[in-house]
Structures are given as structure tokens and as C-alpha cells.
Amino acid sequence: SQTIHQWPATLVQPVGSPLSLECTVEGTSNPNLYWYRQAAGRGLQLLFYSVGIGQISSEVPQNLSASRPQDRQFILSSKKLLLSDSGFYLCAWGGAGVFTGELFFGEGSRLTVL
Amino acid sequence: GESVGLHLPTLSVQEGDNSIINCAYSNSASDYFIWYKQESGKGPQFIIDIRSNMDKRQGQRVTVLLNKTVKHLSLQIAATQPGDSAVYFCAENAGNDMRFGAGTRLTVKP
């Protein structure tokens, strides 16, 4: 069966520090991968999605970046965090057809920028 | 712009009662809709989906109704249980995005 892992689960970082959140998927090949951010009490905002290795689509201008170095690995990064980057970050994977089917979410990474 | 929204931010029901969570969408081109359940501190979990060529779909204790005329989506939970307490999101396929509403918090009272 397919599983998705996301880490770290919780992170407290100072303003201006770098960020790296990692997501890996097991049990499937060539998944579509997504990074969402959820602010407190809000819905999910799409940040990036990827349909293949090295292919990244960005939905929102920001100081974050994403990379997909391997088929089942998706990384969210920042060189210098802002206070506004605080939130709950969710990685998800989906099957063939971007946004045409169910998304399977990881457990999330809660980032607090101080 | 196009958006997905919810009529009620919170809903409190008695255990054993039926729950109805509503969602309005504005993108008439959306052809796929999903309901997700999110428990505190966890990622959303799929509950049920429906495509625009249907107006009703049933799962285990859940039913999703789609009214394309008024762009309305609802999730019905039968015999609500304490374990159903969570935030429920509707989401719509909007081209190159799966747009989520802000969510409705369902609280089940014993």
C-alpha cells in the first residue's frame, strides 16, 4: 500500500534562517506531488506541485522553493524564513491527472518562525 | 475571484444525530469535488468525492449531494459519532488547482 512520510513534524526557526522540509512517498511510481500550506483556522493554499523529477510548478510568489530530486521525494526549502512563513505545511501525492483525483496527505509539518 | 466557501464555520451536533455540512462554490467549470476530514494536528483525509455528472453519492455513513444549479455541495453524516469531530473541508477541481474551503469544525456532543 502507498504511504507518505513528512518530516520534521514540528519545527521552530528564527527569522532569516533556512528551511528544509522533506516528503517521501512509498508504494507508488511517478506520483504527482504537492506542497500545501495551511494557516491557523484557514483552508489549504497550494504552494507547489510536481508531475515528475525536476518538474516544479509554483502557484504563489514567495520566498519558498521546491525541488524533486527523485521520483518519490519532494522537498520544500527557503534560504531565509519570514515570520509570515509560519504555518502547517502539508505534502500530498496523487495519481495520474493533476488535480483530477483524490490527494493523499502526509501528517504535516508545523513551522513556527520567531 | 473564484473561490470555495462554507456557510457555517462551526457545527455542533448531538451524538447519534445526523450532520449536514454545506459548501458553496463559484467556479461553474469545476467538475470534481472532494470532502476531506482533518483531525487536530493531522493531515486531511479523504472522505468521499463526486464528479459533476452526478448529483448524489453515498459512502459508509456519508452522503455527498451536488446541486450544480446553485453551485452547492453538502456532506451528510448519519448517526454522528464522537470520532467524527474534526474540521471538514470541501475542495473543487479548478483547472490547475484543487481549491479548498476554509473548513467547518464539527463538534459532537455526548
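Among the residues of the stretch A:57-107 satisfying the criterion of being more than 10 Å from chain B (Cβ to nearest Cβ) and under 22 Å from B:ASP49 (Cα atoms), which is modelled with the lowest pLDDT? Residue satisfying both the conditions and the ranking: A:ALA96.
Can you work out which of the residues in the stretch A:1-18 that are assigned to a strand (DSSP E or B) and either in contact with a helix residue (DSSP H, G or I) (Cβ under 7 Å, 6 or more places away or on another chain) or of a type outside the set (A, V, I, L, M, F, W, C) (or both) is farthest from A:GLN73 (Cα to Cα)?
First, the residues of the stretch A:1-18 that are assigned to a strand (DSSP E or B): A:3-7, A:10-13.
Narrowing further to those that are either in contact with a helix residue (DSSP H, G or I) (Cβ under 7 Å, 6 or more places away or on another chain) or of a type outside the set (A, V, I, L, M, F, W, C) (or both): A:3, A:5-6, A:10, A:13.
Numbers: A:THR3: 12, A:HIS5: 10, A:GLN6: 10, A:THR10: 19, A:GLN13: 23 Å.
For the stretch A:1-18, the residue satisfying everything is A:GLN13.
Could you tell me whether B:ALA79 is at pLDDT 95 or above, open to solvent by 40 Å² or more (accessible area, probe 1.4 Å) and part of a loop (DSSP other than H, G, I, E, B)? In short, yes. Of all residues in the stretch B:28-51, those satisfying the criterion of being among the aliphatic types (A, V, I, L, M) and at pLDDT 90 or above are B:ILE34, B:ILE47, B:ILE48, B:ILE50.
Here B:LYS37, B:LYS56, B:LYS68, B:LYS109 are screened, and the one residue that is free of Cβ contacts under 8 Å to residues at least 12 places away in the same chain and on the phi < 0 side of the Ramachandran plot is B:LYS56.
Scan the strands (runs of 3 or more DSSP E) fully inside the stretch B:13-76 and keep the ones with 3 or more residues being in contact with a strand residue (DSSP E or B) (Cβ under 7 Å, 6 or more places away or on another chain) and open to solvent by 10 Å² or more (accessible area, probe 1.4 Å). Outline the logic, then answer.
Numbers: elements: B:19-25, B:32-38, B:45-51, B:56-58, B:62-67.
In the stretch B:13-76, B:19-25, B:45-51, B:62-67 are the strands (runs of 3 or more DSSP E) which contain 3 or more residues that are in contact with a strand residue (DSSP E or B) (Cβ under 7 Å, 6 or more places away or on another chain) and open to solvent by 10 Å² or more (accessible area, probe 1.4 Å).
Consider A:ARG110 carefully, then state whether it is charged (D, E, K, R), farther than 26 Å from A:GLY16 by Cβ and either open to solvent by 10 Å² or more (accessible area, probe 1.4 Å) or more than 14 Å from every other protein chain (Cβ to nearest Cβ) (or both). So A:ARG110 fails the test.
The values are calculated or read from the model by the stated rules, or taken from the named source; none is laboratory data. Predicted model, so just to flag it, every value in this text is computed and none were measured. Note that we place each Cβ from the backbone using ideal geometry, even for glycine, and neighbour counts take in every protein chain shown. All accessible areas refer to the heavy atoms of the entire protein, side chains included, with ligands and DNA or RNA removed. Shrake-Rupley method; radii C 1.70, N 1.55, O 1.52, S 1.80 Å.
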